[in-house]
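Written below as structure tokens is the structure these notes are about.
The values are calculated or read from the model by the stated rules, or taken from the named source; none is laboratory data. Bear in mind that the values here come from a model prediction, so they are computed numbers and not experimental data. Cβ placement follows ideal geometry from the backbone for every residue including glycine, while neighbour counts extend to all protein chains displayed.
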């Protein structure tokens, strides 16, 4: 199976979607990582006398309405967004994938029905609405935002892994494993999971970008990360009444969200093209 | 050809529509408000938004606040006070009817005051009626109020929105269908959107110029800005985003009205909770705050620093800002003396208004400088009222006290900041017994000094009234001596 295509790095670099997506993602992940050790200015320290300054050598992107350095805010905001989205997608995968595999192993049975109908139930709510509902009940904050975004990721991964696993369960090599006496859990873990990993990675990249959007949306309505933690969504919300005074305050975090989401989507597209054997056939 | 005709017709319809709108503006006004009132009964609710809709428009009291803050006659046209200061005899206005057609007389005054001071009363300001011993109707046009002890601010108390006169028949349903004696009668309330008032044809006094007044509720500052710019709203007397005022000032279509309010904005401290029961900790908090930075950052420079719980425009005002000046070094020393040199972690609970949310971020940052780590918790109004105001389940909070001359709240043991001082109560008792203006002002100064000395709360700034209105709409209040949008004197300039 894995011999159908190769993993030569050059092939990746020739894919424009993957290349552009990887660069954009790397920039923002890089900013987030650097902010762990260093930011141009301390964002917890407000200096009101230096508020709404235009971009200058001291403050490359200018300052916000509290006199905080905007570049530092964007860097810490990248950290917040990426951490929340990454953990949330992780939560979704860790719960969703085993559920999907279990459903596939018991395909047609009542466990399968139960799991998939539960997934349909969660899916029936628009993702952001569900997240708002959860944070409204449990209170605003980064942790609850993670839980909320994580929950709407569960059915995505459950469905995907069930669909991927179902087609594999009819294959000969799985049959061989069953004849050899392996149980459903072991087959799922040893044979099915590695074969749907590429599907999951691509989907995770897409979900990651949706998670960033969701975090920004929650913060925008005040239900995400709370001050003094910087968040792109709240930066947008804070600056919207000042858009005529200092448009860069809204434009810069807006651009950061757009570029990160675009980068992750392109990355996901590129990864799908590169890892899907059928796409390989199309290219030839 | 037919398409062009359709476009022409649409354009004509648009033109017609807009002229019709412009015509309608001449007789009515749409006033923007950020908060929607929870009900419309000023005698049974503390929310400022209730008075902002109905005070002086739908309901009237015996006396009322004028635009400059003085107390002038309303339903009581004149009064006499006995020499011992205990008996007030009010002569009521003639030919007054409630909007439902029933007549107003002395019995309605007796009913309203008796109801407000009763044990089971739900009035939000029961303290206003505390000193009343009895209310008697001498004849249909005369009411005699006897006080248990002299109260120099009794006429002032009767001017509050909580002391308006209601009819016995309609008192129970005022929350949703307010019936008063004012120049406007209640017409319609579209929940979540607007309240409409219409001019009352039976008003006893001078009729107002406007035929209809619509109060439209727009919580979001950006939407409020857009609505003002689009002309959907004629005036926004308390515009929520001070940063937009610069733009309104630059636009000749609008007039920006900056006045003062009775809103003393404080960093409320829970005095009953450790470590805030130690005056040194409270003083440390007071010295940690840079008021000017706070005003610049939260209010874009509009606002006056205060050093006690008192409005700077009042004649008895005592400037105590120096006593709690910005001195982070002193804060650190005080915290050390209180045994808290390692710093403390507290919560800072913030209600929704932008002065609180923005002010909270700045205050938290300033407190962090001296080693007080304040975790911000943002709350909706209902949550704030329940957790902070009712249950005193908080460390710090930021809120503006918008009632006029409300320093007496510090004499209430169970008020949310839980300040308990016999000395302060003695000062308030003395104030109640004094009716001479100069003597009262002296006592008020001592009261300001007392709470400043005790560092009850960190006193931040006097909230400005930052209003914006269509430049042709005249007669709106510049200042806010009480929470109200008095529409009786508002008119369109030709």
Self-check item: Residue within the range B:71-91 that is within 16 Å of residue B:177 (Cα to Cα) and either out of contact with any strand residue (DSSP E or B) (no Cβ under 8 Å at 6 or more places or on another chain) or surrounded by fewer than 16 Cβ atoms within 10 Å (Cβ to Cβ) (or both) present
Solution: no
Practice problem: Would you be able to say whether some residue in the range B:299-317 is touching a helix residue (DSSP H, G or I) at 6+ places or on another chain (Cβ under 7 Å) and assigned to a helix (DSSP H, G or I)? | Solution: yes
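Matching residues to (1) touching a residue at least 24 places away in the same chain (Cβ under 8 Å); (2) closer than 30 Å to residue B:243 by Cβ:
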position	(1), (2)
A:210	yes, no
A:221	yes, yes
A:226	yes, yes
A:234	no, yes
A:269	yes, no
Practice problem: Give the number of residues within the range B:466-494 that are touching a residue at least 60 places away in the same chain (Cβ under 8 Å) and assigned to a strand (DSSP E or B). | Solution: 9
Quiz prompt | Answer from B:352, B:242, B:252, B:315 - the residue that is over 26 Å from residue B:377 (Cα atoms) and under 22 Å from the mean Cα position of the chain (by Cα) | solution = B:315
Quiz item: Taking the stated definitions as given, is residue B:415 in contact with a helix residue (DSSP H, G or I) (Cβ under 7 Å, 6 or more places away or on another chain), surrounded by fewer than 22 Cβ atoms within 10 Å (Cβ to Cβ), within 27 Å of residue B:387 (Cα to Cα) and at pLDDT 90 or above?
Solution: yes
Practice problem: Tell me the helices (runs of 4 or more DSSP H) entirely within the range A:172-235 that contain at least 1 residues that are under 30 Å from residue A:36 (Cβ atoms) and within 14 Å of chain B (Cβ to nearest Cβ). | Solution: A:193-220
Exercise. Please find, within the range A:240-273, the residue that is surrounded by the most Cβ atoms within 10 Å (Cβ to Cβ) out of those that are over 20 Å from the mean Cα position of the chain (by Cα), more than 10 Å from chain B (Cβ to nearest Cβ) and in a helix (DSSP H, G or I).
Key: A:249
Exercise. Among the candidates B:295, B:285, B:218, single out the residue that is closer than 21 Å to residue B:322 by Cα and within 13 Å of chain A (Cβ to nearest Cβ).
Key: B:295
Quiz item: Tell me, which strands (runs of 3 or more DSSP E) wholly within the range B:324-426 include 1 or more residues that are within 30 Å of residue B:159 (Cα to Cα) and more than 13 Å from every other protein chain (Cβ to nearest Cβ)?
Solution: B:396-401
Practice problem: Scan the range B:227-249 for residues that are more than 10 Å from every other protein chain (Cβ to nearest Cβ), assigned to a loop (DSSP other than H, G, I, E, B) and within 23 Å of residue B:352 (Cα to Cα) and report the count. | Solution: 4
Quiz item: Which condition does residue A:38 not pass, out of (1) under 24 Å from residue B:364 (Cα atoms); (2) in contact (Cβ under 8 Å) with a residue 12 or more places away in the chain; (3) away from every other protein chain (no Cβ under 14 Å), if it passes all the others?
Solution: (2)
Quiz item: Which condition breaks for residue B:183 when tested against (1) modelled with pLDDT under 95; (2) away from every other protein chain (no Cβ under 14 Å)?
Solution: (1)
Exercise. Please go through the range B:269-286 and pick out each residue that is surrounded by 24 or more Cβ atoms within 10 Å (Cβ to Cβ) and in contact with a helix residue (DSSP H, G or I) (Cβ under 6 Å, 6 or more places away or on another chain).
Key: B:269, B:284, B:286
Quiz item: Looking at (1) part of a loop (DSSP other than H, G, I, E, B); (2) modelled with pLDDT of 90 or more; (3) within 13 Å of another protein chain (Cβ to nearest Cβ), which is the one condition that is false for residue B:224?
Solution: (1)
Practice problem: Only residues that are within 14 Å of chain B (Cβ to nearest Cβ) and in contact with a helix residue (DSSP H, G or I) (Cβ under 7 Å, 6 or more places away or on another chain): list them for the range A:51-71, please. | Solution: A:51, A:63, A:64, A:65, A:66, A:67
Exercise. Using the structure shown, decide if residue B:159 is part of a strand (DSSP E or B) and in contact with a strand residue (DSSP E or B) (Cβ under 8 Å, 6 or more places away or on another chain).
Key: no
Quiz item: Considering A:163, A:216, A:237, which residue is at pLDDT 90 or above, crowded, with 18+ Cβ neighbours inside 10 Å and out of contact with any strand residue (DSSP E or B) (no Cβ under 7 Å at 6 or more places or on another chain)?
Solution: A:216
Quiz item: Based on what the data block shows, is residue A:33 within 14 Å of chain B (Cβ to nearest Cβ) and out of contact with any strand residue (DSSP E or B) (no Cβ under 7 Å at 6 or more places or on another chain)?
Solution: no
